[in-house]
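Student: First, the structure itself, so that you have it in front of you.
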Ligand code: AMP
């Protein structure tokens, strides 16, 4: 069950601030408030979805494909395509998901090594 009051829902609605990297009508990318690497960006679709599985199963393939195509746009924009990056999506209790709106972490700007988020 999607919680309309989760932090990322408030960010999408403009009720909470964020440092935007990229936004259009469907997606939003912004800086993580507690970065674990020099580049640490969060990417979210604007549709209501709790986690990866819900996003992929519940929404039209065009919405899903568009989100991941925008991830590529942002990676280019961040200038980390050549140096490399890590994309992570935590899901559920074992995955350590804190915010119940599907999101991906983009980590880069330095060697990530064994750091995980
Ligand atoms: P996860 O464990 O995958 O749910 O990670 C949630 C991420 O959201 C963490 O890396 C937090 O640092 C980040 N976060 C929480 N609140 C905010 C916020 N208001 N603005 C930006 N990032 C946030």
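A short reminder: the numbers here are calculations on the coordinates, not readings from a lab. This structure is a prediction, so every number in the text was calculated from the model and none was measured. Neighbour counts run over all protein chains shown; Cβ positions are idealised from the backbone, glycine included.
Student: Would you mind putting 10-21, 70-81, 94-105, 40-51 in packing order, based on average other-beta-carbon counts within 10 Å, highest first?
Tutor: Packing order, densest peptide first, comes out as 40-51, 94-105, 70-81, 10-21.
Student: If a paramagnetic tag sat 7 Å from the Cα of residue 1 along the Cα-Cβ line, which residues of the range 34-61 would have the backbone N under 15 Å from that point?
Tutor: Counting only backbone N, you get 50.
Student: Here's something else I'd like to know. Quote to one decimal, in nm, the extra length available between residue 110 and residue 33 on full extension: 0.36 nm per residue of separation minus the C-alpha distance between them.
Tutor: 25.9 nm
Student: Compute the helix-to-body angle for 61-78: its Cα long axis versus the longest principal axis of the chain, expressed 0 to 90° and rounded to tens.
Tutor: On a 0 to 90 degree scale, this one is about 30.
Student: Okay, next question. Mean shadow of the chain, computed from the convex hull of its alpha carbons, in nm²?
Tutor: 7.2 nm²
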